[in-house]
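Just so it is clear, none of the values below were taken in a lab; they were calculated from the coordinates. All of these numbers come straight from a predicted model, not from anything done at the bench. Cβ atoms come from the backbone with ideal geometry, glycine included; neighbour counts cover every protein chain shown.
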Amino acid sequence: MIHLFKKYIISLLLVLLCAATAWGQQSGMLRGKVTEPDGTPLIGATVTNAANKKAVMTDANGQFSINANAGDRITITMIGFATQTLTVGIETEISVTLIEDAIMIDELVVVGYGTVKRSTMVGSVEMVQGKDIERRPVTSVGAVLVGASAGLMATSSTGIPGDDPSVRIRGFGTIHTDSTPLIIVDGAEFTISLRTMNPQDIESVSILKDASATAIYGSRGANGVIMITTKQGRSDKPTFKVSLSQGLNMRFIPEQERASPQEYYQLMFESKRNSLYFDSGLNMDMATANYLAVYGGAYRGNA
């Protein structure tokens, strides 16, 4: 009798435990973490429950908590990443990895008042992503602009490596004042040399060309606007990135013969003397004497 009573008690406890577990899954709290493929937490991802229309955002650690029942469909979205939808099961904690969506990234354009989708843009805007910049062997921001967009002309007038090029968007807008476009870095006007900025720190470059795209800047944007967005810090584990560029420099034209110091001075002397001879109408002896007199010398003639 006692043995049967113990079996009854154990069976009852098991039934109550299963019922409590099922109830907890049917109406409980779902917790999880959203990360990138490399494990970096995604901050600000939107988690939506289609059943009760509730939505939350991930915190600084990529974690979230949302009311969800078993069988509810959860949707996780984030700008620049592919949307992921899953069905809630018996688990109370989940881990979600979002994959970057290159198409969505290309559709986002930085303009004067924020970011908009390219499909809704009515102005002429070109955008260069940071990943495209990293593929190019450039050492300055000025070199990034060369060939970056149709209608943008960037030429170097000095030939000095790393020097700021002369930038024009859609030609010259005026003949009386400077035609250099307005440069905005992270929302603030950038008035110093672009050589002070590291190209590896750039997240994206937007080139605003026409009046509708630059209207927010008024007359300052008459020559076009170049908007540079730099990379921002992230509250996750430290990461290190190393880039290495290699090149080969070869001379295909043979080295020319060079004059020695004595030959150089002799050639320079003959050049100055001949200029006096041909330009002043003096004979060769007088031209030689006059040139030597300038430097304190004396001409003794042919003797």
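Counting other C-beta atoms within 10 Å, and keeping those with at most 10, which DSSP coil chymotrypsin sites (Phe, Trp or Tyr not before Pro) do you find in the stretch 177-273?
Working: sites: Phe190, Tyr217, Phe240, Phe252, Tyr264, Tyr265, Phe269; in loops: Phe190, Phe240, Phe252.
Counting only loop positions with at most 10 other Cβ atoms within 10 Å, the chymotrypsin sites (Phe, Trp or Tyr not before Pro) in the stretch 177-273 are Phe240, Phe252.
Counting other C-beta atoms within 10 Å, which of Leu276, Leu194 has the fewest, and how do the rest follow?
Numbers: Leu276 18, Leu194 22.
Ranking Leu276, Leu194 by Cβ neighbours within 10 Å, fewest first, gives Leu276, Leu194.
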Nearby aspartates and glutamates by direct alpha-carbon distance to Lys241 (threshold 12 angstrom, same-chain neighbours under 8 apart not counted): Glu134, Asp201
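Go through 74-81, 279-286, 151-158 and give me the packing order, highest mean Cβ count within 10 Å leading. Please report the intermediate quantities before stating the final value.
On the way: 74-81: 17.6, 279-286: 11.6, 151-158: 13.6.
Highest to lowest by the protection proxy: 74-81, 151-158, 279-286.
What ranking do Ile202, Ile43, Ile192 get, fewest neighbouring Cβ atoms within 10 angstrom at the top? Show your work: numbers first, answer last.
Numbers: Ile202 20, Ile43 16, Ile192 10.
Ranking Ile202, Ile43, Ile192 by Cβ neighbours within 10 Å, fewest first, gives Ile192, Ile43, Ile202.
In a shell of Cβ-Cβ distance under 11 Å around Asn223, excluding Asn223 itself, what net charge do Lys and Arg (+1) and Asp and Glu (-1) give? Write down the numbers at each step before the final one.
Values: positive: Arg168, Arg170, Lys209, Arg220; negative: Asp178.
Net of charged neighbours comes to +3.
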Least to most buried among Val34, Val144 (fewest other Cβ within 10 Å first): Val144, Val34
Assigned charges on the beta-carbon of Lys, Arg, Asp, Glu; the stretch 21-99 dipole about Cα centre (debye): 260 debye
Cross-link table Lys209/Lys231; Lys33/Lys54; Lys53/Lys131, entries beyond 26 Å C-alpha to C-alpha: Lys53/Lys131
